[in-house]
1. Does the chain come out rounded, prolate or oblate, given a ≥ b ≥ c as the square roots of the eigenvalues of its C-alpha gyration tensor, rounded meaning a/c under 1.5 and, failing that, prolate meaning a/b above b/c?
2. Which parts of segment 209-231 would a label at Thr127 reach, counting a residue when its backbone N lies under 17 Å from a point 7 Å out along Cα-to-Cβ?
3. Heavy atoms only, probe 1.4 Å: what % of the accessible area of the chain goes to carbon and sulfur, would you let me know?
4. Can you list the residues, at least 5 places off or on another chain, whose amide H is less than 5 Å from the amide H of Gly133, using H built in the peptide plane?
5. I'd like the FRET efficiency for Gln76 and Arg40, computed as 1/(1 + (r/R0)^6) with the beta carbon distance as r and R0 of 22 Å, rounded to 0.05.
6. So what is the accessible area of the chain per residue, in Å², with the probe set to 1.4 Å?
7. Determine the relative contact order of segment 1-70: mean sequence separation of Cα pairs under 8 Å and six or more apart, normalised by residue count, in whole percent.
8. When only Cα pairs under 8 Å and 6 or more residues apart are kept, what is the percent relative contact order across the chain?
Amino acid sequence: MHVRERVVVAGSSGLIGSALSASLRERGTEVVRLVRREPRSGDERRWDPSSGELDPAVLEGADAVVCLSGAGVGDQRWTPSYKQLILTSRVETTRTLARAAASAGVPRMVAGSAIGIYGDRADEVLTEDSAPGHGFLTEVVRAWEEAADPARDGGVRVAHARTGLVATRDGGATGPLLRLGRLGLGGPLGRGRQWWPLISLDDEVAALVWLLDSDVEGPVNLAPPQPYRQRDVAREIGRQLHRPALLPAPSPALRVVLGEFAGEILSSTRVLPTRLSDGGFAWEHPDLPTLVRWMLREQD
């Protein structure tokens, strides 16, 4: 396997970006982290994506760039100003890095994206060839992916990592479920019939590394081999914790607590990672019992 000498990462302080940076370093890759403040360590370089500024010298000799920047969609209620931040924090960073990568002749870009592009599709089976859906996040992801066009137009191989729900042991998409599950309150959210493309953080990082090493271009769904219904996720957590998982959280109550974001929690995305599967990617946590055991295992 080819070990890349130098990878420039935007969004390296986030959940996925920090784990990816650590994984790359473990295999001997030099990781350069882009930050908006003054650098505090030798591996950091300052940039200002809001004004499109990135010193071209930062990308000299880089084998690849990775852009994972973006305000968290579940961090705050979706006020008009925060919805604008969700959009601009993704588009500005991706566009700035895409232009710089093309100018510097970087051969590879892995650009952050999300399965939110498909929208709420009930039981429809979705692959990378499926058409976009409708809704706020769909429009965000479409603009997010289009922001990488300058790199593609400049000869850079671009892969869009359409990430599903990322499971962790403490935070991320599954943090609240685990906390409620330990209290015996981890029942279905709404009816619980919605499909969740829940991928472990370890598999998410491994898939990003796989994309860096492959020649795959275009959209790639980063999701488990088969999606899970949300109620089955809650039940499996309860089963392994020996706690009940029967009491549902009514949809109206979720909308009161979460606002517009509740629609994303309750939406159904039955997405398949066709391009990962066809490329021979091997999941460490390919099924729900294995995934939940990993989620509940104590940190090493």
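1. On the way: a/c = 1.76, a/b = 1.57, b/c = 1.12.
Verdict is prolate for the chain.
2. 216-227
3. Accessible surface attributable to carbon and sulfur in the chain totals 51 percent.
4. Sorted by chain and number, the residues that satisfy this are Tyr118, Gly119.
5. Working: r = 26 Å, r/R0 = 1.20.
With a Förster radius of 22 Å, E is 0.25.
6. I get 45 Å² per residue for the chain.
7. Values: 109 pairs, mean separation 28.7, N = 70.
Averaging sequence separation for qualifying contacts and normalising by length gives 41 percent for segment 1-70.
8. Values: 621 pairs, mean separation 54.0, N = 300.
Normalised by residue count, the contact order of the chain is 18 percent.
The values are calculated or read from the model by the stated rules, or taken from the named source; none is laboratory data. These numbers were taken from a predicted model, which means no experiment stands behind them. Every residue, glycine as well, gets a Cβ built from its backbone with ideal geometry; the counts of neighbours run over all protein chains shown. Areas reflect the complete protein model, heavy atoms only, side chains present, ligands, DNA and RNA absent. Shrake-Rupley method; radii C 1.70, N 1.55, O 1.52, S 1.80 Å.
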